[in-house]
């Protein structure tokens, strides 16, 4: 029986046109990240299970991670996210590295989940992290970078929104202001994280189910729902407003405003799924009605590096998946026309394969990417083939051309023809 | 207990300096491949087990592949090589694609084996394939490209050697000329594949063990050993010389010679491990005495696409691993000095973080990758930090500089200082 030619379920083949788009997107992200002084790193896609079990969050590890035992009995995962890995790498060279350490990577990540729009089993994700800065400058830098990345893709600020919250604030509200237990707080956080995906009534009954009888009888439920309505820091109760985390949120929000970033706002419902966040958390949300969802997210996680037996390092980072980015660019018509890297297709007329070599090499030397048709087919068929391969220009090479040193190039889109020496034609192609 | 900060066994972390080297190597390979009209593609690192079981070769699949069952009961592999995957992708769009189809990729591959010099469990491998050319032009094109890749790295032709053989020739010699059974031939091939890694006596006793009694008594052993001594096509017995495969080998070898490639030679002992090769096979071997091993290999495999239920497509391809390439470049002193992508480190003097923004943005806009020190430490400490981060220039920004629009850059290597407007300094940096 024939083998199936489909890729593994929930994963994508990248044909050249798909890869070209990916390279364009990653190229833009790389440029902006590097303009902020970030260096690229990478790490193995297989990691030990332990480093994810520690802090990634139960749902991700238990239900969504590819875990298996290798032939030596080691429990291995195909990494579902990069944050534990980068923390491991920083810990391994804790003393040698210079801080602030600015790193980025575009790893391939895998999650075992039901494939759906914007969520595949496999994706690539830009990860940007800054290590060694305790104050809000780190958050502002990353959010400015995100804003510059959107700008570099041609996005307008009305196409997306940056929503900012603080885990410190949420913990304070739930545990101190509302007086909930740690378990209640944890469960309420998970509920808030899902609140925009579930019915309002389901959310409210969910809260009821979490709260202990004494808290249900108080005004906890009412107070919580009222806080979740807050649209600005000023909407929070006065007692909450005085908390350190609100000062910090205000520093970040006003810092962004000073930089002219006018689409960042406070959103007390932003949670981010991972258990390791310790401070500011943020998301960017697509404002397009067909794709009103989170595209990227991140925050401060000051405790991860320290899990590897070294002193902890204050860290802020974010991740931006290629699938959500591509959806965003498509919906907002921001994808540029990407052309084939091969700009010239050589049609050989007669038995000139050997004779044509010098000319072909000369084009290559002058920077032209050039494919040769050795099929020996009729010229018309060779040209048809160039067209099918989406190569824009053909170069026709017969004995006359080799002898005279003058060649003809035809633009298959416009039909225009150019005759000249190689150097002249290379200029024409540019 | 603290988590281990080591990467998974036999796999590598790429710190920025390692990633920089990898990007340099891949950049050179990409440039040359694209100059020959090849387009980049990619595919998921997880694949169904079946497509490897079909043709990769028993040892690789049984002993060296990461295989596991996913949560849906599918048998999945972390791909050990790319050839079955690219064949699958071509088969899936057999009719739509334009031939000759020129594709390349630089996938991450995994093999479960004992880590050793030049062989890790994980590596990256350039894969270049041309689909749809039945004749020797395909082999010559790939071997010319390989030669150009070495040249692009600065390698001289005396640093490496290209060794060429033919599976058709070997099959003819073993099955027709020597009259061995299919099983005997298969086992002899596996032995020849290893002959340069084992003792001569072990090799000879290995042959004895494979041959049936009738063949042992004839002159098979002697004839085989004599053929394996052949250094040129002309050293083969006259009867063998007349075989089609020798004509083909001669066309490839003389074609390469015409292109000025003078380090390619016939080597009847080149086998390549994979079972899917059907014609010419080749390797490039490092001639350095400390690393006298195969660096890359490939050949013709006309049957793989056809396994996926479509008409077969003649194909030639090769793979070149990053570990062997890096070893080669290091041993031959071909690695260039690679500099930090971040060329400027901003030291803030006083509380000027907000004030400095415009200047920093202007440097970025003019194409300078710039990192900012928000630590508030003393100037001397900030400069030390830039040095530790291997960033070549520091820019000192205080209130005076912001007000005057004139800034000072210091080259930390030479100690030289430059004062000027941003535009003047950007020119200086270039």
On a full-extension model of 0.36 nm per residue, what is the gain between residue B:288 and residue B:424, subtracting their alpha-carbon distance, rounded to one decimal in nm? 44.2 nm
What angle do you read, to the nearest 10 degrees and between 0 and 90, between the alpha-carbon axis of helix B:379-388 and the longest principal axis of chain B? 10 degrees
Label points for residue B:216 built 7 Å along Cα→Cβ; distances to same position in the other copies, nm, shortest first, come to 8.6
Quick calc, residue B:404 & residue A:135: beta-carbon distance into FRET formula, R0 25 Å, rounding 0.05, result 0.35
Reference-scaled alpha-carbon Rg (2.2 N^0.38 Å with N residues) for the range B:92-158: 1.46
Quick one: label points 7 angstrom along Cα→Cβ at residue A:379, distances to the other copies in nm, smallest first? 7.1
So what's the angle, to the nearest 10 degrees on a 0 to 90 scale, between helix A:182-194 and the longest Cα principal axis of chain A? 40 degrees
So how far apart, in nm, are the two label points at residue A:223 and residue A:31 if each is 7 Å from Cα heading toward Cβ? 5.2 nm
Hey, with R₀ at 25 Å, roughly what FRET efficiency would residue A:381 and residue B:93 work out to, going by the Cβ-Cβ distance, to 0.05? 0.80
Could you let me know the centre-to-centre spacing of the range B:289-356 and the range A:1-62, using Cα atoms, in angstrom? 17 Å
Using only Cα atoms and rounding to the nearest 10 degrees, what angle (0 to 90) does helix A:322-331 make with the longest principal axis of chain A? 80 degrees
Efficiency of FRET from Cβ geometry, residue A:74 and residue A:216, R₀ 60 Å, rounded to 0.05: 0.80
What is the range B:1-157 by shape, rounded, prolate or oblate, if you read a ≥ b ≥ c off the alpha carbon gyration tensor as root eigenvalues and call it rounded for a/c under 1.5, prolate for a/b larger than b/c, and oblate otherwise? oblate
Other-copy label distances relative to residue A:262, 7 angstrom Cα-Cβ extension, nm: 7.0
Distance in nm between pseudo-label sites at residue A:365 and residue B:390 (7 Å out along the Cβ direction from Cα): 3.5 nm
Quick one: of the DSSP bridges fully inside chain A, what percent are antiparallel, nearest 5? 75 percent
Whose Cβ in chain B comes nearest the axis that rotates B onto A, and by how many Å? B:68, 2
Can you pull a Stokes-Einstein diffusion coefficient for the range A:65-221 at 20 °C (1.002 mPa s), Rh from Kirkwood over Cα pairs, as a whole number of µm²/s? 108 µm²/s
So if the hydrodynamic radius of the range B:16-331 is defined as the Kirkwood radius over C-alpha pairs, what does Stokes-Einstein give as its diffusion coefficient at 37 °C and 0.692 mPa s, in µm² per second? 160 µm²/s
Please work out the ratio of the alpha-carbon Rg of the range B:344-429 to 2.2 N^0.38 Å and round it to two decimals. 0.97
Please work out the C-alpha center-to-center distance from the range A:120-156 to the range B:157-176 and express it in whole Å. 52 Å
Peptide B:130-137, shielding by other chains (average Cβ, 10 Å cutoff): 3
Rounded D (µm²/s) - the range B:5-45, Kirkwood Rh over Cα pairs, Stokes-Einstein at 10 °C, 1.306 mPa s: 127 µm²/s
Could you work out the relative contact order of the range B:1-104? I mean the mean sequence separation of Cα pairs under 8 Å and 6+ apart, divided by the number of residues, in percent. 28 percent
For all pairs of alpha-carbon atoms in the protein assembly as shown, what percent lies in each bin of width 10 Å, listed from the first bin to the last filled one? 2, 11, 19, 22, 19, 14, 8, 4, 2, 0, 0
Spacing of the two label points (7 Å from each Cα toward its C-beta) at residue B:151 and residue A:411, in nm: 3.1 nm
At a threshold of 8 angstrom on Cα-Cα distance, excluding pairs fewer than six apart, so keeping six or more, what relative contact order does chain A reach in percent? 15 percent
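Where a number appears in this text, it was derived from the coordinates with a stated rule and is not lab data. From a predicted model like this one, the values you see are computed outputs, not experimental measurements. Every residue, glycine as well, gets a Cβ built from its backbone with ideal geometry; the counts of neighbours run over all protein chains shown.
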